[in-house]
Each structure stands twice: as structure tokens, then as C-alpha cells.
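The values are calculated or read from the model by the stated rules, or taken from the named source; none is laboratory data. Not measured: the values here are computed from a predicted model. Every residue, glycine among them, receives a Cβ derived from its backbone with ideal geometry; neighbour counts consider all protein chains shown.
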Amino acid sequence: MERIYFDHAATTPVRKEVLEAMIPYFSDKFGNASSLYYEGVDASEAVEEARNSVVKLIGADESEIYFTSSGTESDNMAIKGVALALRDKGKHIIVSSIEHHAVLNAALSLRKLGYEITILPVDGKGFVNPDDVKKNIKNDTILVSIMLANNEIGTIEPIEEVSKITKERGVYLHTDAVQAVGNYPVNVDSLGCDLLSLSAHKFYGPKGVGAIYIRKGTRIMPLMDGGGHEKGKRSGTYNTPGIVGLGKASVLAISELESRINQTTKLRDKIIDGIISEIPYIILNGDREKRLPGNANFSIKYIEGESLILSLDAEGFAVSTGSACSSHSLKISHVLNAIGLDPVDAQGSLRVTVGLDNTEEEVDKFLEILPKVVLKLRRMSPLYKE
């Protein structure tokens, strides 16, 4: 059976060009990037070349990019690192209710150390109100963390407006840009953020490598102590193949970003329009326009999400009912709960996220199969009446 992959928000395939760039650093160029002899210097130069590529992708400076193992590590480093560094200044942190759990749980864990965490609400489309940020900043607030783009419903947050408020009050701003970088325009100076998280596997790079942007002058305490790698900010032997892969994925994203956005937006809109026109009793989650180019998220009434995912899997489609990180949980998505969705409707969520390898023909096939699957499942529900 032909498989059609529509879950690029969970992970993306590694591009051929990325894999080819990585392979030598698993074998012939295996040196430790911290060693002083030729093999080490060769690996170190590859790491720095990759760093320069990430710098160009998000408009940073080379001294502001630090490599990590993942977006989750980057988020934890931002939240906990700033909290520990500024604990004498204050212990109040603000996050939004729709943050990825890497941010939410990292922040909430600090309550055990006496920190106060304020969780801001969002509106029905998933937007944080900048005025809520302004109202909740106090004299002891040290950090605000608002994601750039939501991983489930795709909503693009008003980070630029929020940054004006945090700058005025002298508070650091972190943004989880894991879903956005490589798929949406990201420039740290335009956003006005002090810290930013990204992950390679969300834009055709390898799993197991990410990066954090830390603006010059931002105080942060390392979470990983050891040999002093990454200017003492994040110790640990360099994952040279992974870093090279992140660098190559960044180079491709820089050259292809406009065409990526155009291609995925076209497919996304076709999916949204097709589903809305063909399937009754359906809710589009997130904003219609201010959303990630490849993201379409729905709540389909009178069905259960996991049954829908498994039924579509049997038809050859890989889609999601929410965040891949919590797909084994039976709990209602905290994101859908935060936007005020009825718990019953939230159980019937469907996330379709397209990428560069998808085609209009695949979308047409999906729009042909999905209504049939939905009708079949609805007929099993005692609540549904045709």
C-alpha cells in the first residue's frame, strides 16, 4: 500500500542533501571537535560552519548560537537557566497555557524551588493577548516564555508586540520557535526575543540535535556542566554529524523558504477548504490566516480521534490527533482545552501537517477518503444523526 505522510509537525524526513553532508562525520571525519590535532580541527571547523548557517537562518550572531540535543533541552535551558541565574532578582515567570510541555513542565517544576508561575489564557483561536502579559508582569518577573507558533493548532503568536512590553519592563523573553524555524520567517531582532529554541528534525534535519539562541548579555546558568564546551554554556562532546546535518538543513531552508511557504500554504488551504466543504459538523482550530503554512487542525464532531487516526492509518495516511509527544496519552489536549473547545469535541481532533514531499494528488486522495472514514465512524456513535 502506498503511504502518504501528513504529520510533518511531528517530524520531517531527513533530506538527501542533509544525509550526504552528515555521513563523512560518522566514519572518515570522526574526530572529536574539541581535540587539537588535525582530525579534531577538521570536525571543529565543520561545527563552526554549521553554526554560521544557523546564524544566517535566524539573523543572529555566531556568539549567540549554542548547540543542544533537542528543542526540549533548549526550552529547559532557557527556562531553568534564566530562573537560576536571576533567582536573586526575582522568582516570577510567565508562560502561556498552550506552550509545548517542554516549556510548561519546565516552568512548573520550578515551583518546587519557590518560583511563582503565571499561566496566561489564550482566546478561542489560540492567541495570547499582549495586554495580559503587560498586566501580569511584576517587579520580580524575570522571564516571559511565549511560543512563536503552536505545534498543534498552528497559531502564530504576536511575539513582536510582547517583546516591546518585556523590553520596557526589563524582562527576558524566550520563544519556542521549534515549529517555525525553517518553515516560516524567523529573525531574532525583528521578534525582539532574548532566547529562542529550535530543533533540526522539524525542518528536514536529523533527530537528536537542536540549538538555542541567547542574546548577548543575557544571563543564564548552564544546566550541563563538564568540559566547558559551547563557551561554558552547554558541556558535552559535540554531536558533530548531527550538528553538520542541522547546518545543512539551515542552508537549504535559507534558499528555499519562500518556495516552501508557498507550496505548503497552497496544500494546507486546499485541505482546509476541502474538509470544510465536504464534512459537516466540523471546527477549524486556530486562526484561518495567522497559522503555520503547513498546518491544518480540526475537531470533527461525533467521532473519537484515535479511532480516526487508526482508520486513516489503515488507508495509508499518517496523520495525528494532537502533539506527537503526548499521542499515547488519553488526556484531552491542553491546547484544545485552553482555546475553550468542548471536551467531547476535543476528543475528535485531527491534525494534518504537510511538507515539501507532499503533492496535490495526495491531498485529493485524502479528501476523497476522509469523508468516507468520518461517516463510517459517525454511524457508530449514538449521538450522530444523518
Positions within region 189-225 being surrounded by fewer than 24 Cβ atoms within 10 Å (Cβ to Cβ), closer than 15 Å to GLU64 by Cβ and without any contact (Cβ under 8 Å) to a residue 40 or more places away in the chain, in sequence order:
GLY192, GLY217
In region 81-91, what count of residues is obtained for those that are buried (at least 20 other Cβ atoms within 10 Å of the Cβ) and either touching a helix residue (DSSP H, G or I) at 6+ places or on another chain (Cβ under 9 Å) or free of Cβ contacts under 8 Å to residues at least 60 places away in the same chain (or both)?
1
Provide a single number: the residues in region 230-252 that are at negative phi, out of contact with any helix residue (DSSP H, G or I) (no Cβ under 6 Å at 6 or more places or on another chain) and assigned to a helix (DSSP H, G or I).
2
Applying the selection to region 13-37, what residues are assigned to a helix (DSSP H, G or I) and either surrounded by 18 or more Cβ atoms within 10 Å (Cβ to Cβ) or not acidic (Asp, Glu) (or both)?
LYS16, VAL18, LEU19, ALA21, MET22, ILE23, PRO24, TYR25, PHE26
Check ALA60, ALA10 and return the single one that is in a loop (DSSP other than H, G, I, E, B) and surrounded by fewer than 21 Cβ atoms within 10 Å (Cβ to Cβ).
ALA10
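Okay, residues lined up against (1) buried (at least 24 other Cβ atoms within 10 Å of the Cβ); (2) in contact with a strand residue (DSSP E or B) (Cβ under 6 Å, 6 or more places away or on another chain):
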| residue | (1), (2) |
| --- | --- |
| ILE243 | yes, yes |
| SER250 | yes, no |
| LEU257 | no, no |
| ILE271 | no, yes |
| ILE282 | no, yes |
| ASP287 | no, yes |
| GLY294 | yes, yes |
When region 357-386 is examined, which residues are found to be more than 16 Å from ALA314 (Cα to Cα) and charged (D, E, K, R)?
ASP357, GLU360, GLU361, ASP364, ARG378, ARG379, LYS385, GLU386
Quick check: is even one residue across region 285-303 farther than 26 Å from PRO158 by Cβ and either part of a helix (DSSP H, G or I) or among the acidic types (Asp, Glu) (or both)?
no
If we scan region 69-80, do we find a residue that is of a type outside the set (Lys, Arg), touching a strand residue (DSSP E or B) at 6+ places or on another chain (Cβ under 9 Å), in a loop (DSSP other than H, G, I, E, B) and at pLDDT 95 or above?
yes
